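Please read the structure below before turning to the comments.
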Amino acid sequence: MTYCVGLLLNEGMVLLSDTRTNAGLDNISTYRKMFTFQDEGERVIVILTAGSLSVTQTTIAQLHDAIDDPDATPDTSIMLAPTMLKVAQIVGEKLSQVRAEIDHKLSVSQGASASMIVAGQRKGGGMRLFLIYPEGNFIEATEDTPFLQIGEHKYGKPILDRVVKPSTSLEDGQKAVLLSMDSTVRSNLSVGMPLDLAVVEKDALRITTKRRIEAGDPAFRAMSEAWSTALREGFAKIPI
């Protein structure tokens, strides 16, 4: 499994993914779950993936092939699509197609499931954040729900519900997703380091911050310890 989260804030977008993949307790591997596509000054797209590696890696590979195709059109390439909505439609259609093909090969109904978060902005358009379901349909982040999660999301959701609003700063947004991930890593062995963090500032049309956080990272460890201390102290102060 994995855990990925994306925030849609007034100042920009914050995206975080882990890299752990489990095929059993004794078979743990590291695979990147964050993929970036950008034409600086024109558009930036970030895709986060969760679920079957065979589905997500094939989908990403075919999206790259469509971009490189000399006959690519706005209906086939996410780098030519006229809107972020069209980008989400292209990704959704490709994910659904790949999933169906792999399910057919495995001869198992819905045996290879996957989901994705697609975030981005094109020149002249607004920032948009979508959650793509295995069937290819999707939902979009709104002012009422300015974050989306895929994978093992339940452990990291409470802090996002309490803290994240569209007005949240990019700095606090990064803090929120990292603490959300810390809660998930602590509670679920199928989610683990290293982590990939990306920030896209509004109208920058490029990745403005990109960071790989390795196991033992001193800044992440200090944040985790400070959060644990704050929770213990807050708990102790609450009356019965």
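FYI, it's all coordinate maths here, none of it is from the lab. Please read these numbers as outputs of a predicted model, since none were measured by experiment. Cβ atoms come from the backbone with ideal geometry, glycine included; neighbour counts cover every protein chain shown.
In table form, for the structure just shown:
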quantity	calculated
Convex hull per residue volume in Å³, alpha carbons only, for the chain	142 Å³
Residue-wise HN-Hα coupling along segment 131-143, computed from phi with Karplus coefficients 6.51, -1.76, 1.60 (Hz; x: Gly, Pro)	10, 9, 7, x, 7, x, 6, 8, 10, 10, 5, 10, 4
Peptides 65-74, 170-179, 5-14 ordered by average Cβ neighbours within 10 Å, highest first	5-14, 170-179, 65-74
Farthest positive-ward along segment 3-237 dipole, Cα basis, beta-carbon charges - from GLN97, GLY126, LEU63	GLY126
The chain: DSSP helices with Cα axial extent of at least 27 Å and average Kyte-Doolittle hydropathy no lower than -1.0	84-106, 218-237
Dipole moment magnitude, nearest 20 debye, segment 142-198 about Cα centre, only Lys, Arg, Asp, Glu C-beta charged	200 debye
Estimated dipole of segment 3-237 in Debye, rounded to 20 [Cβ of Lys and Arg +1, of Asp and Glu -1, Cα centre]	580 debye
Stretch gain in nm, segment ALA219-PHE235, where the contour uses 0.36 nm per residue and the Cα spacing is subtracted	3.3 nm
Cβ-Cβ FRET estimate between ALA100 and ALA72, R0 fixed at 25 Å, reported to 0.05	0.65
